[in-house]
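This report refers to the structure that appears directly beneath it.
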Amino acid sequence: MRHKVLFCILILLILGLLFCIFAFSAQDGNQSADLSQQVSVWLAKALNPAYMRIAKENVQNEVIRFLSLPVRKTAHMGEFALLGALLMGAMLCLRLNMGLRMLLSFVVTLIFAMADEFHQTFITGRSGQVRDIFFDAAGAALGIVLVWVISLAVLYGIGCKRLKKAGRGARRKQNHALYRSAPPPN
């Protein structure tokens, strides 16, 4: 029952994230550039506030322009890493082998990445770029692998607890009166 509830919550989160991704993609070129510039300004001031206070305006603009591309590509990777992670989480609720879960998560995320880039071709000042699909795919792979590693760590932790519990049960049986009177095994 808990798996079904978790699955439904993850699907709702995925749908919400897809809405956000397509809302960002629906921004025209100027709106998207302004948002990237705002993030770049914030990042430049956060990384080196003293330099950004004393630097000349043309130097500040150069720093902001330099940061703009990494900010945009990191945003692409980040949103699709989150999508891949959420899809992988949803796939963990299904009874499939791990390889198939990872493959399905990646393929579905890749389909959404291609749809997102196709959507951008209809927006003024935007263009769909194959290179962005590669950034999206890299982000998806990162998110999927992260969830896979976390799930392995959790399963390992659960397995260790079960082994310890089983070990304690075996020791209790050995200390029980009936077992103490029996001869030791050869």
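Observations on the model:
- Each of His119, His3 has some number of other Cβ atoms within 10 Å of its Cβ, and from fewest to most they run His3, His119.
- At least 27 Å along the helix axis (C-alpha) and Kyte average at least 1.6, DSSP helices within the chain: 2-25
- Ranking of Ser127, Ser40 by count of other Cβ atoms within 10 Å, fewest first: Ser127, Ser40
- Rounded if a/c under 1.5, otherwise prolate or oblate - the chain, Cα gyration tensor axes: prolate
- Counting neighbouring Cβ atoms within 10 Å and putting the fewest first, the residues Trp42, Trp148 line up as Trp42, Trp148.
- Here the extension length gained between Leu13 and Phe134 equals 41.2 nm, from 0.36 nm per residue of separation less the Cα-Cα distance.
- A Förster radius of 35 Å, combined with the Cβ-Cβ distance separating Ala26 from Leu155, puts the computed FRET efficiency at roughly 0.30.
- Counted by Cβ distance under 13 Å from Cys93, the other residues give a net charge of +4, where Lys and Arg count +1 and Asp and Glu count -1.
- Look at the alpha carbon pairs under 8 Å that are at least 6 residues apart: their mean separation over the length of the chain gives a relative contact order of 27 percent.
- Prolate/oblate/rounded call for the stretch 1-80, Cα gyration tensor, a/c under 1.5 rounded: prolate
- Label-point gap, in nm, between Asn61 and Trp42 - each point 7 angstrom along Cα→Cβ: 2.3 nm
- Dividing the summed -39500 (n - 2.57) terms of all DSSP H runs of n ≥ 4 by the residue count of the chain sets its mean residue ellipticity at 222 nm at -30000 deg cm²/dmol.
Every read-out reported here was derived from the displayed coordinates using simple, explicitly stated rules and does not represent laboratory data. Please read all numbers here as calculations on a predicted model, not as lab measurements. Cβ atoms come from the backbone with ideal geometry, glycine included; neighbour counts cover every protein chain shown.
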